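The values are calculated or read from the model by the stated rules, or taken from the named source; none is laboratory data. Since the model is a prediction, treat every value here as computed from it, not as a measurement. Every residue, glycine as well, gets a Cβ built from its backbone with ideal geometry; the counts of neighbours run over all protein chains shown.
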Amino acid sequence: MLKLDQSLPDGALLGGARETFASQLQRTGAVWLHGDRESFEVDDETGAIQKWQSIDGHKTATPAEPNEGNGRLFKSEALVGLQCIPETNCGLVVPNITENAGTFSMAVLYRPAPDGQSKTLVTVNTGYSGGSDADSNYVFLSDAGDFFTAKDTRGAVEVLAPVTSPSDRVRMAIVTLSGNTLAVAENLSTPVVAHGADAGMRTEADLFIGCRSNRSGLKKTLGGATVLDVLFWPKHALLIPRGAEDAKAYTDLKRYFLWEH
């Protein structure tokens, strides 16, 4: 018998966890790209993903500039998502995901690559917001199979966290940046937190999925994960909660993952 030390989300026993979660996200201003067939626009001839629409319809992910039709739709009986290919840019980008990336949280649900090398999963990048190259920075999350890396390219702050979940199950990874503090959590595990220097991300930023930027190259950073869900909370520090709203948003996310996967 399954026993939990917390109350059930509304509608969980009735199969309504997804709808309940979407409603909860609206209250935090979060963006949710969910892996269902209706959210994707696919080229009829090539099968390449052209658009991935957020649940509320307000944000759209489109191919990153180096992605020349490589990102394909993965479909199984239970899962739908972006299929990444090792050393090939299949990335998507959501422009202007936030107006201030000084504090944010993001989560990605994915099926790990068969060889364990999921590599770059999500990136928040300020380099295309209209500022100078000298002011640009980005924070990325990568899964190397045995550990997660979350860091910025200026070297201000970095987290290394062990991967502990099985590779044949859907995995969730969460990142929070708040000033000089960076945190990573896997599935329902306790976050790993690191303190460093301020990453200087208080400007507009884009969200990249499956890659790090609109620049070509860096093939060694591109892995073979199947990205199923991407979530982004502007101005919310889920893993380093500053109040009840952050803490509740983190609880809501964990409940959704528990009941869906």
Would you pick out the residues in region 37-55 that are modelled with pLDDT under 95 and either assigned to a strand (DSSP E or B) or in contact with a strand residue (DSSP E or B) (Cβ under 8 Å, 6 or more places away or on another chain) (or both)? GLY47
Run PRO95 past the list (1) surrounded by fewer than 20 Cβ atoms within 10 Å (Cβ to Cβ); (2) under 14 Å from the mean Cα position of the chain (by Cα) and report the number of the one that doesn't hold. (2)
I'd like the residue in region 134-147 that is in contact with a strand residue (DSSP E or B) (Cβ under 9 Å, 6 or more places away or on another chain) and in contact (Cβ under 8 Å) with a residue 40 or more places away in the chain and, out of all such residues, is farthest from THR181 (Cα to Cα). ASP143
Against the definition (in a strand (DSSP E or B) and either of a type in the set (Lys, Arg) or surrounded by fewer than 19 Cβ atoms within 10 Å (Cβ to Cβ) (or both)), how does ALA194 come out, yes or no? yes
Exactly one condition in (1) closer than 21 Å to LYS151 by Cβ; (2) among the small types (Gly, Ala, Ser); (3) surrounded by fewer than 16 Cβ atoms within 10 Å (Cβ to Cβ) is not met by ALA78; state its number. (1)
Of all residues in region 172-191, how many are in contact (Cβ under 8 Å) with a residue 40 or more places away in the chain and assigned to a strand (DSSP E or B)? 12
Applying the selection to region 230-259, what residues are part of a strand (DSSP E or B) and either basic (Lys, Arg) or crowded, with 22+ Cβ neighbours inside 10 Å (or both)? VAL230, LEU231, PHE232, TRP233
Could you list, in sequence order, all residues of region 55-114 that are closer than 23 Å to LEU253 by Cα and of a type in the set (Ser, Thr, Tyr)? THR60, THR98, THR103, SER105, TYR110
Considering only residues that are over 15 Å from THR221 (Cα atoms) and of a type in the set (A, V, I, L, M, F, W, C), which ones fall in region 93-122? VAL93, VAL94, ILE97, ALA101, PHE104, MET106, ALA107, VAL108, LEU109
Which count do you get for residues in region 134-171 that are more than 20 Å from PRO112 (Cα to Cα) and part of a loop (DSSP other than H, G, I, E, B)? 7
When you look at GLY130, is it more than 18 Å from the chain's Cα centre (by Cα), surrounded by fewer than 17 Cβ atoms within 10 Å (Cβ to Cβ), modelled with pLDDT of 95 or more and not aromatic (Phe, Trp, Tyr), yes or no? no
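Filter region 133-171 down to the residues that are aliphatic (A, V, I, L, M) and buried (at least 16 other Cβ atoms within 10 Å of the Cβ) and list them by number.
Residues satisfying the conditions are VAL139, LEU141, ALA150, ALA156, VAL157, VAL159, ALA161, VAL163, VAL170.
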